[in-house]
Amino acid sequence: MYPAASDESGELQYYVKRGFSLRSGERAMTVIFEANVPVHPFFDWNADRGDMHYVLRVSNTTGSPLTSAPVFVLDDGRPVGQPVMGYTAKGDNTELRMTRAIGIKVEAREVEVERGERVVQGEVVQTSITLRGTMTIENFRDKPAEVRIRKTISGRILEMSHGGAVKNTVVNAGSPNPSNQVEWTINIPAGQKVVVEYRYVSVAVTGRAR
């Protein structure tokens, strides 16, 4: 490992290469610094849009920030992609979004399971609707897969399987339903299928008051 000598000035980061010089007209390519950093691969499923990508989480343990730049990614010496890394402070993590995932099949469904009484609110009629959602992930690969699921649920969450966690909740002005950003992290063995379930209550406008 060759650590970097660096210095901050305002909003700029300078890397110092000591003992290096060029004569007039010369050109050279040099390594600023080298370091081994932890890389954690996983699959990211945005269940709102339905797309899934292979992602690498990189932890910056170099002691210096990593500036925005293209990253040439190799796996066993074979090129697998060239994503762009954003600025990553020392000690922070960044995610490199690689290619669309293959070997993983996903399906998301929601069904209404119960409907409450109609309630007049001002000029509209509102009804509480209980919905049950299922998200199926099937791993056709020959090795386990870690999948992060991200889902927006509009309403009051009643239950979630597989350790789902609410990351953020926003109360929308003019809407009776809060917007919840929910995440799951699921480890799926090779050749296996996992079904994630959740249930929530959403208030819908079902008519106008007379």
Number of positions in the stretch 117-133 that are open to solvent by less than 90 Å² (accessible area, probe 1.4 Å), in contact (Cβ under 8 Å) with a residue 24 or more places away in the chain and farther than 30 Å from Asp51 by Cβ: 6
Identity of the residue in the stretch 89-103, in contact with a Phe, Trp or Tyr (Cβ under 6 Å, 6 or more places away or on another chain) and of a type in the set (A, V, I, L, M), that ends up modelled with the lowest pLDDT: Ala101
All strands (runs of 3 or more DSSP E) inside the stretch 118-210 with 1 or more residues being at pLDDT 95 or above and within 18 Å of the chain's Cα centre (by Cα): 124-139, 145-154, 165-171, 178-188, 193-208
Any hit, the stretch 2-23, residues being open to solvent by less than 80 Å² (accessible area, probe 1.4 Å), closer than 30 Å to Thr185 by Cβ and not acidic (Asp, Glu): no
Residue among Val120, Val125, Val111, Val55 that alone is closer than 30 Å to Phe33 by Cα and of a type in the set (Val, Ile, Thr): Val55
Given (1) of a type outside the set (Lys, Arg); (2) open to solvent by 40 Å² or more (accessible area, probe 1.4 Å); (3) closer than 21 Å to Arg49 by Cα, index of the condition Phe140 fails: (3)
Close pairs from the stretch 12-32: first over 27 Å from Ala89 (Cβ atoms), partner part of a loop (DSSP other than H, G, I, E, B) and modelled with pLDDT under 85, Cβ under 9 Å, at least 6 apart: Ala28/Phe20
Matching residues, the stretch 37-51, being assigned to a strand (DSSP E or B), open to solvent by 30 Å² or more (accessible area, probe 1.4 Å) and not hydrophobic (A, V, I, L, M, F, W, C): His40, Pro41
Some residue of the stretch 143-155 being exposed (fewer than 13 other Cβ atoms within 10 Å of the Cβ), farther than 16 Å from Asp48 by Cα and of a type in the set (Asp, Glu): no
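The values are calculated or read from the model by the stated rules, or taken from the named source; none is laboratory data. Note that the coordinates shown come from a computational prediction; the quantities given were computed from them, not determined experimentally. Cβ sites come from the backbone with ideal geometry, for glycine too, and all protein chains shown count toward neighbours. Only protein heavy atoms, including side chains, enter the accessible area calculation; ligands, DNA and RNA are left aside. Shrake-Rupley method; radii C 1.70, N 1.55, O 1.52, S 1.80 Å.
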